[in-house]
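Contents: one structure, followed by commentary.
The values are calculated or read from the model by the stated rules, or taken from the named source; none is laboratory data. Note that the structure is predicted; figures quoted are calculated from it, not measured. Here the Cβ positions follow ideal geometry from the backbone for every residue, glycine too, while neighbour counts run over all protein chains shown. We work out accessible area using only protein heavy atoms, side chains counted, and drop any ligands, DNA or RNA first. Shrake-Rupley method; radii C 1.70, N 1.55, O 1.52, S 1.80 Å.
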Amino acid sequence: MSKSSGEEEVHSESPRFLVGFEDHECKEDSRDMRNNSDVYDEEEDEDDLASERQIIVGICSMMKKSNSKPMTQIMERLCKFEYINVVIFPEDVILNEPVEKWPMCDCLISFHSKGFPLDKAVSYAKLRNPLLINDLNMQYFIQDRREVYRILQEEGIDLPRYAVLNRDPDRPEECNLVEGEDHVEVNGEVFQKPFVEKPVSAEDHNVYIYYPTSAGGGSQRLFRKIGSRSSVYSPESTVRKTGSYIYEEFMPTDGTDVKVYTVGPDYAHAEARKSPALDGKVERDSEGKEIRYPVMLTAMEKLVARKVCLAFKQTVCGFDLLRANGHSFVCDVNGFSFVKNSMKYYDDCAKVLGNMVMRELAPQFHIPWSIPMEAEDIPIVPTTSGTMMELRCVIAVIRHGDRTPKQKMKMEVRNALFFDLFEKYGGYKTGKLKLKKPKQLQEVLDIARQLLAELGQHNDCEIEEKKSKLEQLKTVLEMYGHFSGINRKVQLTYLPNGQPKASSEEEDSLKEGPSLLLVLKWGGELTPAGRVQAEELGRAFRCMYPGGQGDYAGFPGCGLLRLHSTYRHDLKIYASDEGRVQMTAAAFAKGLLALEGELTPILVQMVKSANMNGLLDSDSDSLTDCQQRVKARLHEIMQKNQDFTEEAYQKLAPTGSPSLVNSMKIIGNPVKTCDQVYALIQSLTCQIRKRLEDPKSANLQLYHSETLELMLQRWSKLERDFRMKSGRYDISKIPDIYDCVKYDTQHNSSLGLDNMLELFRLSRALADIIIPQEYGINKLEKLDIASAYCLPLIKKIQLDLQRTHEDEAVNKLHPLYSRGVMSPGRHVRTRLYFTSESHVHSLLSIFRYGGLLNEEKDEQWKQAMDYLSAVTELNYMTQIVIMLYEDNNKDPSSEERFHVELHFSPGVKGCQDEENAPMGFGFRPASVENQEKQEDLGSLEDLSEDEPDRAILTEPLSIHRKSPLIRSRKAGSMEVLSESSTSSRNTSYRLFPSCSRQSSDIKSSGLGSLCTGLFSASFRGVSSSAPNLRELARAQRKKTTSPRRWSKRDGFEGCSMVPSIYPLETLHNSLSLKQVDEFLNKVCESRSETLTKTLKCRHRWSPWHCVQFGTFISSSSRVNQTLVSTVNKSYTLQLH
């Protein structure tokens, strides 16, 4: 008896599921088969039969699915239910035997996959009538994406806007496709690129995403995973011409897909993974499994999961969720799916399924069963512990990378063809029109060609546009042989009374009646060097994040990759609508997140265009009244043919900025300096012409595929425009001259043109005055112009800092299901804003002159302001970085709870900057109050042995003098250096050593000149995807054991023409969040008051709309009176 009970105990704990059925198996394991066939010993009495009556759960699927690890793990757990046994139907039986010979069961788990005879499974269900976990008939619908979308729509579940293209001869009305360059029209529904093209068959995984020409065009081709790839980029931009497809709007998800797995309507588990469309690289762990991390669903998403489960009658069901723009959209329903590699999910799934089976079948089998009352999805609020402050938010405003020279041509046009074009694209709604699309630019080119042809035939025809301007318009639009919205655009502005004669460019006498100001812009493309700069800066940016301890020590930046890959990083990247800015953002994202491949897919998925409400864009041709006055004063001061007097110094540099004063000293007499610059430009154009005449230079290719002819055009235009007919100089051209000479000095120095460096020196001195002072001469003007440029950005930054605890729509790691993550509750928000020079100048002016701190009372702020005053140029890749920390030990209402730091880098180094670089105070420099505690400091990994994923951050610090650096014990090509601090646990460390303070021991580590920037050899070659960070770290350590010497000229490894970037310098590291918030509030309120006063003045005298449109109506019949009244009404509403 004891033996029997012992056997019973062992048997009850072992897995009890069989692959059935075979006669000998039935005999040997009759106690475990538990089906309706006669497998019980006839000698047992009926009472024993009743007590041992078991519920048989049948698994009917292809063997690959039945034997999978998730199925095995879940079925083992299911067998632990006292009254449940599991039978797996053999694949041979399923495929070759009639359903009458299939094993019998009380509950059936059956699902379709490739090769599975779904028809036979339906017949079996009709014959035996088992309890169905997943409805079989609905699985026919799941195989057709059209039916899936129809059912989702009927259930009121959000899905992307879509249209179906059925190439069916019997239904020609459903096969209307019109393809444009940047859109398709499907049965009357228009989809702008990017859009998605999905085959209607759910079994066909060849999904294509088509990208717009403005992002580089082409398509990303998704497919079932092959090895480590799930998609490839293709230059092909035209849609497929055979087969039926669903076309749908592309949803920007920041490069993340969410997979949801239901087990009944009340249980849903979600996992996030890198989107296969991002770079096509599948992230895998050391066992070769795709890396996914559990994330938390919002209440609304749980409701969606319930609806999907019930609508498709699939208890176990997987579907794809896209989180975009604060909403969640279902884009695919996969049917039966299990989570892989989650023990907690296996436990939960078996428990839910077991309870469900027992609830349905126990009563009819007279099995005593009471469902345990326990929560299956306990909500857990993650908390953090410890005394160190945690990084909560990083905000960075970054200028774009190195670009080709921007070029511009203005002309006043009056021809009816231009007015027709202006009206066609809705220019009269705002009085302005921007044309960037290939079709639009082609129309402008056609007009230019037509007018030039008419000029050639009739010399006396009434074409008022100047021939030379029209020819230049035609030449520029015909460049490259094709159009791309990234590198050319035309702007048209309505002028009610024509354009007054204001420059040498406009020689026509003032004409009556309205006209259009046509501004053609070209050039300004991101160069290969710019891409390298952005990508390398992205890699280096990882170092600002905590982590990289333990296994990752010695691999700077691994903390950020780990945060991001485990969905504890809320990243949003915004960029203005300029092509160079967007490509900079995409290249930066590629480096930051260790992505691979082309920039186009990264741009479309990771970068948000932020041109709404002027967040990052500004119309440089529409200057504020203050800016107009400032430019006029600048023009007046710079036209005096004498050395700068004391009065001139007071007028031009009232802030006493050392960089300004030094430039004025270099210039001396502004007119004579302009004479020199003009003579040097003439010399330069002469040298280029001689080169062109030399047969050896006929096919000479310059940097970025430029030719000598194009280079000559650039400089000849500047030569014509700089010196006006009156003999005076147009100083507005000085930034363009500096732009061109800087470009040629860096990229075309191999030409060996004489006096190029002298032209660079003089034009730079002039530009160092003109460029910063165009944004205001005195403090009030600087603030007025700055707030006009970047008020929306200031408001957005304020909102980013306030919303420290993220909203539900963010991908958050689920702490309950997380494996191997020591701090699942940590979450860092990153907001990156890529923009142009104007916004960077403006934002810096607000921090400098807006009254954030008092220089007289705050020594650190005074030193920071001295440093900023010495910075001559905000070059490419200039960064303004705000970092927010939280001390969880402080009271939530305390000012000390949140701590803000402000950092700055002037960007790329210029040609002659090494010796004149201003000295900053390092990145997160330490205080000196407790220098005697330095001997207690350890290396970075020593600080967090007990919690390898913990943030190592510091208390607010103050600076009085430079502190010596203490060498970290971890050797590497880019050290993480510890400094003195208030305690050994609260350690401040310098991530980005500055060039002005290279100690001998730092130089000996092999950093050389690269110690001066954010970059190091530790980032070289790390372009693989972010999985398996431990291996990456190990490989890194091997790489850093033999450091390399860098020459002064090197810049980036392998990129001799790419200069390095100045390190981040801390402007202040002990600000409170309340202090910053009140300051930003004050800036916003001040600007609002200014705008109100301005609007009142305009309303009192002559509102723009009334004057412009009123005048226009009197002289043209192209706009009717209704439009005028509408515009005036809207203007009045805006005023009040």
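Some values worked out for this structure:
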| read-out | value |
| --- | --- |
| Residue among LEU902, LEU868, LEU884 that is among the aliphatic types (A, V, I, L, M), in contact with a helix residue (DSSP H, G or I) (Cβ under 8 Å, 6 or more places away or on another chain) and more than 15 Å from LEU1064 (Cα to Cα) | LEU884 |
| Filter result for ARG897 (more than 27 Å from SER663 (Cα to Cα), in contact with a Leu (Cβ under 8 Å, 6 or more places away or on another chain) and open to solvent by 20 Å² or more (accessible area, probe 1.4 Å)) | yes |
| Every residue from segment 164-181 that is under 33 Å from the mean Cα position of the chain (by Cα) and open to solvent by 10 Å² or more (accessible area, probe 1.4 Å) | VAL164, LEU177, VAL178, GLU179, GLY180, GLU181 |
| Checking MET664 against (1) open to solvent by 20 Å² or more (accessible area, probe 1.4 Å); (2) farther than 22 Å from GLN407 by Cα; (3) of a type outside the set (Val, Ile, Thr), the condition it does not meet | (1) |
| The listed residue being polar (S, T, N, Q) and either open to solvent by 40 Å² or more (accessible area, probe 1.4 Å) or under 39 Å from the mean Cα position of the chain (by Cα) (or both), out of SER697, SER657 | SER657 |
| Yes/no for GLU76 being in contact (Cβ under 8 Å) with a residue 60 or more places away in the chain, open to solvent by 40 Å² or more (accessible area, probe 1.4 Å), farther than 30 Å from ASN206 by Cβ and out of contact with any Asp or Glu (no Cβ under 8 Å at 6 or more places or on another chain) | yes |
| Criterion (in a helix (DSSP H, G or I) and open to solvent by 30 Å² or more (accessible area, probe 1.4 Å)) met by exactly one of LEU684, LEU692 | LEU692 |
| Unmet criterion (only one of (1) closer than 30 Å to LEU702 by Cα; (2) open to solvent by less than 50 Å² (accessible area, probe 1.4 Å); (3) assigned to a helix (DSSP H, G or I)) for LEU757 | (2) |
| Neighbours by Cβ (under 7 Å, 6+ apart or cross-chain): first from segment 776-803, farther than 30 Å from LEU652 by Cβ; second among the small types (Gly, Ala, Ser) and in a helix (DSSP H, G or I) | PRO792/GLY614 |
| Evaluation of GLN650 against (1) assigned to a helix (DSSP H, G or I); (2) within 40 Å of the chain's Cα centre (by Cα); (3) of a type in the set (S, T, N, Q) (one fails), failing number | (2) |
| Of all residues making up segment 189-217, the number that are of a type outside the set (Phe, Trp, Tyr) and crowded, with 19+ Cβ neighbours inside 10 Å | 14 |
| Filtered residues of segment 624-647 (kept if more than 39 Å from the chain's Cα centre (by Cα) and within 21 Å of MET724 (Cβ to Cβ)) | ALA632, ARG633, HIS635, GLU636, ILE637, MET638, GLN639, LYS640, ASN641, GLN642 |
| Count - residues of segment 863-901 that are under 26 Å from GLY401 (Cβ atoms), outside any loop (DSSP other than H, G, I, E, B) and within 22 Å of the chain's Cα centre (by Cα) | 5 |
| Only listed residue being under 44 Å from the mean Cα position of the chain (by Cα), within 30 Å of TRP369 (Cα to Cα) and either at pLDDT 95 or above or charged (D, E, K, R) (or both), chosen from ARG77, ARG128 | ARG77 |
| Condition check for LEU884: touching a Cys at 6+ places or on another chain (Cβ under 6 Å) and open to solvent by less than 20 Å² (accessible area, probe 1.4 Å) | yes |
| Search result, residues across segment 657-691 that are without any contact (Cβ under 8 Å) to a residue 60 or more places away in the chain and of a type outside the set (S, T, N, Q) | VAL661, LYS665, GLY668, VAL671, LYS672, ASP675, TYR678, ALA679, CYS686, ARG689, LYS690 |
| Whichever residue in segment 196-230 is of a type in the set (S, T, N, Q) and part of a helix (DSSP H, G or I) and, among such residues, is modelled with the highest pLDDT | THR213 |
| Failed item in (1) in a helix (DSSP H, G or I); (2) in contact with a helix residue (DSSP H, G or I) (Cβ under 6 Å, 6 or more places away or on another chain), with PHE644 passing the rest | (1) |
| Test: residue in segment 102-125 that is of a type in the set (D, E, K, R), touching a residue at least 40 places away in the same chain (Cβ under 8 Å), over 17 Å from LEU310 (Cα atoms) and buried (at least 17 other Cβ atoms within 10 Å of the Cβ) | yes |
| Every residue from segment 406-422 that is in a strand (DSSP E or B) and either open to solvent by less than 10 Å² (accessible area, probe 1.4 Å) or in contact with a Phe, Trp or Tyr (Cβ under 9 Å, 6 or more places away or on another chain) (or both) | LYS406, GLN407, LYS408, MET409, MET411, VAL413 |
| Residue in segment 130-137 that is open to solvent by less than 60 Å² (accessible area, probe 1.4 Å), assigned to a loop (DSSP other than H, G, I, E, B) and not hydrophobic (A, V, I, L, M, F, W, C) present | yes |
| Filter result for GLY243 (more than 21 Å from the chain's Cα centre (by Cα) and under 27 Å from ILE291 (Cβ atoms)) | no |
| Residue pairs meeting the criteria (Cβ under 9 Å; at least 6 apart or on separate chains; first more than 24 Å from THR673 (Cα to Cα), in segment 737-751; second small (Gly, Ala, Ser) and buried (at least 19 other Cβ atoms within 10 Å of the Cβ)) | HIS747/ALA529 |
| Some residue of segment 27-47 being on the phi < 0 side of the Ramachandran plot and at pLDDT 90 or above | no |
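To keep it simple, each residue is scored yes or no on (1) basic (Lys, Arg); (2) in contact with a Lys or Arg (Cβ under 7 Å, 6 or more places away or on another chain); (3) at pLDDT below 90; (4) under 30 Å from ASN778 (Cα atoms).
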residue: ALA653; (1), (2), (3), (4): no, no, no, yes
residue: LEU660; (1), (2), (3), (4): no, no, no, yes
residue: TYR678; (1), (2), (3), (4): no, yes, no, yes
residue: ILE681; (1), (2), (3), (4): no, no, no, no
residue: GLN687; (1), (2), (3), (4): no, no, no, no
residue: SER697; (1), (2), (3), (4): no, yes, yes, no
residue: SER705; (1), (2), (3), (4): no, no, yes, no
residue: TYR729; (1), (2), (3), (4): no, yes, no, yes
